[in-house]
Amino acid sequence: MKIYSKKVSFILSVLVLFLVINVLPVSAAVNYSGGYLDGKESSLYFGSEKKSGPYSQVTDNDETTFVTVNRSTVSTGNTVHFRDFGNLSITGLRLKSDLTNFTLLLRDMNGEITTINGTSLLKNGELNALNYENITRISIVNNSSVDGKVYEFNIYGEIELVNLQADSGDGQAYLSWNQVQNAESYIVSYGTEPGKYTESVTATKDEYGNFVVPGLTNGTTYYFVVNSVVSGVKSEYSNEASATPQGSIVEPEEPSGNHAILVVTMTTGLEKEYDLSMQEVNSFIDWYEAKQAGSGKASYAIDKHDNNKGPFKSRKDYILFDRVLTFEVSEY
C-alpha cells in the first residue's frame, strides 16, 4: 500500500451536496465489529459547514445500507467527516466502497493532515494495516466525476501483545500466554529455526492458559510465536519461546528428606508435576491461599530445577491462579 503524507489546507470549494441512503442486498462476510467508529454518526460537509446528516449507515457493520457521495463538479470532491471521537492511535482500517477516485484525510491533534491515496486501499471490506497516532478527525473525499457509494468504514486501535511461555513434553509442547482483552482467537506459529515459522494452528479465545502443540519430534527444538486476533485484526508477533520435546523421563533426584511431589491439575485437565523442597511447596500453598483470600499476584513462578533439562540457566513455570483446579502434595 503506497501512502502519501503532507500538510494540506482543509478548505473545500463551494459545492452543492446531496446525500442518498439506499439499500442493496450485500451481506458482510466477516464480523469486524469492535472498531472505534461502531455506530457513530457521519455527516457530509462543505468546509466546516455541515450540509446533511448525521448518518450511521457506514458504521453499522452490516453492509446492507450505503451513503452516496455525489461526484465532484470541479477539482475537489464531496466529503464525509467523522469527528469528535477523541484522540486515537490507529493500527487498522476497513473500507467497503465503490469509489473510483478518492482520498482519505487523517487529521491529528496538532492540525496536521495525512493524505492517503484511496486507490491504494482495499475497498472490498477487508482490513488494511495502518499506523497513525493522535488522530482527531477522519474524512473521505470523493474526487471523481461520478457518484460513489460507501457501505462500511471503520478504524481499529492498538492491540495488546502476547507474552508467550513454552514447556516441553513427550512429542509435544505446552504453551501459555496472557489473556488479551476482546481476543476472538489466537494464532500459534512455529518452526525449527528461530524467526522462521512454517506451521500454524488456531487456538480458541479460552486456550491462552494451556495450549498443547502435538505431533512434534523428540530432541528437536521448536520456536513458537503467537498473534492475538481482535475484531479480525492480528496483533504483532509475541516474543519467541522455544521448547525441545523429550521422550525419555528425566531421573529424579535421590530423596534427601524434607521434599515432596507437587501435582497441580489445571482447569483444562492438564497435570503438572514438580519435585520440590517442602519450603518451596509451602511457599506455593501460601501464595494460593492468599490469592484465594483476595490478595497477591495472579501468577506464581515454580522453579523447575532439573526437570526438562535444557541449555538454560534456570527454568520456571508460571502457574495462573484462575487456571488451577486442584493440587496434591506427596511428601517424602
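Under unit Cβ charges (Lys, Arg +1; Asp, Glu -1), what dipole magnitude, rounded to 20 debye, does the range 259-331 have relative to its Cα centre? Let's see the in-between values first.
Working: 9 positive and 12 negative charges, 86 e Å.
It comes to approximately 420 debye.
Give a residue-ordered list of calculated ³J(HN,Hα) values for the range 276-288 (Karplus: 6.51 cos²θ - 1.76 cosθ + 1.60, θ = phi - 60°; whole Hz; x for Gly, Pro).
Karplus values, whole Hz, x for Gly and Pro: 10, 6, 5, 4, 5, 4, 5, 5, 5, 5, 4, 4, 5.
Distance check, please: which entries in Lys272/Lys316; Lys123/Lys205; Lys123/Lys196; Lys291/Lys316; Lys96/Lys234 exceed 24 angstrom between their Cα atoms?
Values: Lys272/Lys316 12 Å; Lys123/Lys205 29 Å; Lys123/Lys196 31 Å; Lys291/Lys316 20 Å; Lys96/Lys234 19 Å.
Beyond 24 Å between Cα atoms: Lys123/Lys205; Lys123/Lys196.
What is the sum of charges, Lys and Arg at +1 and Asp and Glu at -1, for the other residues whose Cβ falls under 15 Å from the Cβ of Tyr318?
Summing Lys and Arg as +1 and Asp and Glu as -1 gives +2.
Can you put Ser97, Ser228 in order of Cβ neighbours within 10 angstrom, beginning with the fewest?
Going from sparsest to densest Cβ surroundings: Ser97, Ser228.
Under a Cβ-Cβ cut-off of 11 Å, what is the net charge of the residues other than Asp98 that fall near it, where Lys and Arg count +1 and Asp and Glu count -1?
Neighbour charge sum, excluding Asp98 itself: +2.
Write down Rg/Rh for the range 164-243, rounded to two decimals, with Rg from the C-alpha atoms and Rh from the Kirkwood relation over Cα pairs.
0.95
Each reported figure results from applying straightforward, stated rules to the coordinates on display, with no laboratory input. The shown structure was predicted, so the numbers you read here are calculated from the model rather than taken from an experiment. Because the Cβ atoms are built from the backbone with ideal geometry, glycine has one as well, and the counts that use them run over all protein chains shown.
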